[in-house]
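Read the structure below first, then the notes.
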Amino acid sequence: MFDHVTIRVSDRSSSERFYETVLHTLGVEQSHSDEHYAEWNDSGLAQATAANPPTRRLHIGFAAPSRAHVAEFWRVGTEAGYRDDGAPGLRPQYSDDYYGAFLLDPDGNSAEAVHHGTVRDGAAIDHLWIRVADLEASTRFYETVAPVTGFRSGRELPGRTQFACVSGSFSVVSNGHATENVHLAFPATDNETVDRFHRAATAAGYRDNGAPGERPIYHEGYYGAYVLDPDGNNIEVVNHNR
């Protein structure tokens, strides 16, 4: 589902240490690090700046290969001094076999390890929960871009709308205090899909945050476009042309 998800952090070294510590327990190792970003497959972080403040109030669920991995994620994290946000256990309100544990990262975002029957291989992120100020407005935004981003239109649940594809999900969740300053990028297999995403969003009145085009600062052939969701989060569709 995700090409990448990037959060901004108050203290890069502290946040990088947190994610290295807990993701290692899930078999997820750091895949890239330079002066700009640290990455673990489809999950990444960057130092916050005045122009790009820290990400707040995001929930990110990481795929765990087994329940034992979930328990180890929580044990290692709490023993390292990170804040507990929910001990390992079943959460049948999500599904019968949903087994998760929760920690808070240094900026207070919720990081979860989860194992269930549909956990996918090859990616760090299983799901996101994004808190929104206006559930109807946010649902409408993501339904507008859904046809060109590879996920199904929303499934309405109490207090939230879930968007999913075969390889993951994210939910927009009704909450008076919205998630701030998260960057979500969805993959495309051709440049025209990137163009169609930007056209559909801006034609519907959503805010442009970067017209379709190549971004060689990332790598040769990187072709992306950006719009802002109703809470100001940066949403991208990208074709890597690789």
Selected residue (criterion: nearest to L228 (Cα to Cα)) from residues of region 129-140 that are assigned to a helix (DSSP H, G or I) and under 17 Å from the mean Cα position of the chain (by Cα)
S138
Top-ranked residue in region 12-50 [being assigned to a loop (DSSP other than H, G, I, E, B) and hydroxyl-bearing (S, T, Y); ranked as nearest to S66 (Cα to Cα)]
T25
Looking for whichever is touching a Leu at 6+ places or on another chain (Cβ under 9 Å), at pLDDT 95 or above and either open to solvent by 20 Å² or more (accessible area, probe 1.4 Å) or farther than 21 Å from V182 by Cβ (or both) here; the options are E112, E29, E79, E20. Which one fits?
E29
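Each row is one residue, and each column tells you yes or no for (1) among the polar types (S, T, N, Q); (2) open to solvent by 30 Å² or more (accessible area, probe 1.4 Å); (3) farther than 20 Å from V5 by Cβ.
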{"site": "S138", "(1), (2), (3)": "yes, no, no"}
{"site": "V148", "(1), (2), (3)": "no, no, no"}
{"site": "N181", "(1), (2), (3)": "yes, yes, no"}
{"site": "L184", "(1), (2), (3)": "no, no, no"}
{"site": "Y206", "(1), (2), (3)": "no, yes, no"}
{"site": "N209", "(1), (2), (3)": "yes, yes, no"}
{"site": "G224", "(1), (2), (3)": "no, no, no"}
{"site": "D229", "(1), (2), (3)": "no, no, no"}
For region 105-117, name all the residues that are outside any loop (DSSP other than H, G, I, E, B) and under 15 Å from the mean Cα position of the chain (by Cα).
S110, A111, E112, A113, V114
Filter region 156-187 for residues that are modelled with pLDDT of 95 or more and part of a loop (DSSP other than H, G, I, E, B); the one that is farthest from N241 (Cα to Cα) is A178
Is it the case that some residue within region 53-67 is within 29 Å of A133 (Cα to Cα) and touching a Pro at 6+ places or on another chain (Cβ under 7 Å)?
no
Does at least one position in region 206-219 carry a residue that is within 20 Å of the chain's Cα centre (by Cα), among the acidic types (D, E) and within 26 Å of A50 (Cα to Cα)?
no
What single numbered condition from (1) touching a Gly at 6+ places or on another chain (Cβ under 9 Å); (2) under 15 Å from G168 (Cβ atoms); (3) buried (at least 20 other Cβ atoms within 10 Å of the Cβ); (4) not basic (K, R) fails to hold for S95?
(3)
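The values are calculated or read from the model by the stated rules, or taken from the named source; none is laboratory data. Since this is a predicted model, take the numbers as computed values, not measurements. With ideal geometry, Cβ positions are generated from the backbone for all residues, glycine too; neighbour counts draw on all protein chains shown. Accessible surface is based on the protein model in full, side chains and every heavy atom, while ligands, DNA and RNA are left aside. Shrake-Rupley method; radii C 1.70, N 1.55, O 1.52, S 1.80 Å.
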